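Just below is one structure, and these are the notes that go with it.
Coordinate-derived values only; no laboratory data. Quick caveat, the model's predicted, so the values are computed rather than measured. Don't worry about glycine lacking a Cβ; one is built from the backbone with ideal geometry, like all the others, and counts go over all protein chains shown.
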Amino acid sequence: MGEGSISCMRYILCAFTLVFVIFGILLVYTGFSTFISLNQYSLVITNSPDAATIVLLVLGFVIFLISFLGCCGAITGNDFMLRTFSFIITLLLLIEIITVVFVFTFKKTIRQSLESGLDEAIRKYNDSDDSAINKMIDDIQTRFACCGADNPKDWKNNTNYTDGSLPKSCCEKDHGVRCSMSGPHFVSGCVEIITGELRNSVSYLGSLVVTLIVVQIIGLIFSCVLLGQRRRYNYV
């Protein structure tokens, strides 16, 4: 009875470590994708959670590696490996919980953070300048077919556009010159569009980590139960 239950727990734990491998790969991919998405707007987003996404990316690598430690410990019945696996998983859980709280907190402030950054960038924009912030504004407005932070009227806050003109990247047709608010131009604000895109990326990353936390807790329980059974039946 004892040997049968221990053998069963070994295989269950090993199966969970294989799930960890999959989640580790997904976390690396999603963390990297989210980092790239956020980095595109690094000059116009304040309080960007770049550090949090990097932490999750690194955690993905660590989870991928320690999964093999847990599986080897379960198959061979090596108590040192199982204890080390359980200890590392516990540490990772604490880091993941803190990080996911930070990520979801940022999700609630994305719009405010982006709006503040875009407003400031628009005020500093100068179409005769070839700065990084100008290129980012032009790229955002062209790619998303939008104009201004909330709407095209935001450009009146720029001293170069108080006459009602708009930068070339706001124009529906590229004539190589400025267009006006009375002519064909993009009417949607950029904040709402980008906020939706970033919220989707952050939500997916956060949901993945929450699911991983649940799976890790179950795996940790199985690891502790296996260690307990081995002590009970004098396998140590």
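What spacing in nm lies between the two simple spin-label points modelled at SER33 and VAL187, each 7 Å away from Cα in the Cβ direction?
3.3 nm
Restricting attention to the alpha-carbon atoms of the chain, what are Rg (one decimal) and Dmax (integer), both in Å?
25.5, 86
Work out, step by step, the length gained on full extension between ILE25 and LYS173: first 0.36 nm times the residue separation, then minus their alpha carbon distance; give nm to one decimal. The partial results should precede the final answer.
Working: separation 148, 0.36 × 148 = 53.28 nm, distance 4.29 nm.
That pair, ILE25 and LYS173, stretches by 49.0 nm at full extension.
Provide, for the chain, the number of lysine pairs with alpha carbons under 18 Å apart, each pair being eight or more places apart or on different chains.
7
What are the trypsin sites (Lys or Arg not before Pro) within region 112-194 that DSSP puts in a loop, where the Cβ has at most 12 other Cβ atoms within 10 Å?
Counting only loop positions with at most 12 other Cβ atoms within 10 Å, the trypsin sites (Lys or Arg not before Pro) in region 112-194 are LYS173.
Taking R0 as 41 Å, what FRET efficiency do you get between PHE68 and PHE144 from their Cβ-Cβ distance, rounded to the nearest 0.05?
Working: r = 43 Å, r/R0 = 1.05.
Taking R0 as 41 Å, the efficiency between PHE68 and PHE144 is 0.45.
Tell me, Kirkwood radius of region 20-115 from alpha-carbon pair distances, in Å? Please list the in-between numbers first.
Details: mean 1/r = 0.0683 Å⁻¹.
Final number for the Kirkwood radius of region 20-115 is 14.6 Å.
What does the helix-only formula give at 222 nm for the chain: each DSSP H stretch with n ≥ 4 adding -39500 (n - 2.57), the total divided by the residues, and the result rounded to the nearest 500 deg cm²/dmol?
-26000 deg cm²/dmol
How high is the relative contact order of the chain, given as a whole-number percent (alpha carbon pairs under 8 Å, six or more residues apart)?
Reported relative contact order: 25 percent.
Place a +1 charge on the Cβ of each Lys and Arg in the chain and a -1 charge on the Cβ of each Asp and Glu, then give the dipole magnitude about the Cα centre in debye, rounded to the nearest 20.
920 debye
What FRET efficiency do you get for ILE213 and ASP163 if R0 is 35 Å and r is their Cβ-Cβ distance, rounded to the nearest 0.05?
After rounding to 0.05, the efficiency reads 0.05.
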